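The values are calculated or read from the model by the stated rules, or taken from the named source; none is laboratory data. Since the model is a prediction, treat every value here as computed from it, not as a measurement. All Cβ positions, even for glycine, are placed from backbone atoms using ideal geometry, and neighbour counts span all protein chains on display.
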């Protein structure tokens, strides 16, 4: 299969997300990119779990890093008997899938998929670590191809010379929608809220948009309403960390308030992703509460006064209700939030989970 990361930005190519080789996993450190291009080196699968927990990689990055971590786990236990290796891999899968609570179910799918690959390789006398790595590349190709269909559908919703507001870093869907726009000769101007405290919008989204040749403007997180009122925003779009089957979207904190502003100004809101069977209703999703101290600084520089007892508060995600969402862009078409059950109908050929 042709590499589906063709024509995408540096950060979206497989080897630059997470890669297993010679008993280690290297993960592009998205906490410092693009100011620095550094790779975090993991010597054990627990290092991979911790890297995901510590935000070395985010958005769709963990769904590459996690199974690459399973390849590393296979290397760690290579000298055990086959039965011992499989038991070790099962424990490793449990460790990695619990790296972050809100995305636990998706991480679980990505690591469990490597177990039959490893078992088959071991029975055939092949190296399980390399078999897992090859399967991760195949999965990336399949996922990128599927999300590429979303990118095509999403790009058709943009008016030529239109203005699009994003939120956080939508990873593969961002790259494929821009690639689709470029292939169609469609020009758009993107406004990227910075998305503190990790500034993924300013650092990652803006870099990808500009690298792929599009006019890009970074705004602070308290500017979306002003920009919508004064800069002719045509569409607000984002990806999702979880979409429940009853139509609620969980994404980077700040998404909900932008969607509220969009509704006020009559701007359509399109979310890319697919409903998650593991979350039939909104109350099955657990919002991750991160270290509150991270809101008191920016890129390691303290911004709040010390010694005065000032507190921080940091929910990593928020929930956007169905009434604020114009449509959910899946690889099979655009569905209204109240119609997501159709995604799993028999007339749809593929009901697998799609990660953006």
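For region 49-62, check the following and say yes or no: at least one residue is touching a residue at least 60 places away in the same chain (Cβ under 8 Å) and either outside any loop (DSSP other than H, G, I, E, B) or surrounded by fewer than 21 Cβ atoms within 10 Å (Cβ to Cβ) (or both). Yes, because at least one residue in region 49-62 is touching a residue at least 60 places away in the same chain (Cβ under 8 Å) and either outside any loop (DSSP other than H, G, I, E, B) or surrounded by fewer than 21 Cβ atoms within 10 Å (Cβ to Cβ) (or both).
Checking each residue in region 259-272 for being touching a strand residue (DSSP E or B) at 6+ places or on another chain (Cβ under 9 Å) and over 17 Å from residue 158 (Cβ atoms) picks out 259, 260, 261, 263. In region 172-230, counting only helices (runs of 4 or more DSSP H) that sit wholly within it, the ones holding 1 or more residues that are within 15 Å of residue 156 (Cα to Cα) and in contact with a strand residue (DSSP E or B) (Cβ under 8 Å, 6 or more places away or on another chain) span 172-184.
Of the helices (runs of 4 or more DSSP H) lying entirely inside region 68-157, those containing at least 2 residues that are within 26 Å of residue 8 (Cα to Cα) and either modelled with pLDDT of 95 or more or in contact with a helix residue (DSSP H, G or I) (Cβ under 8 Å, 6 or more places away or on another chain) (or both) are 104-112, 128-157.
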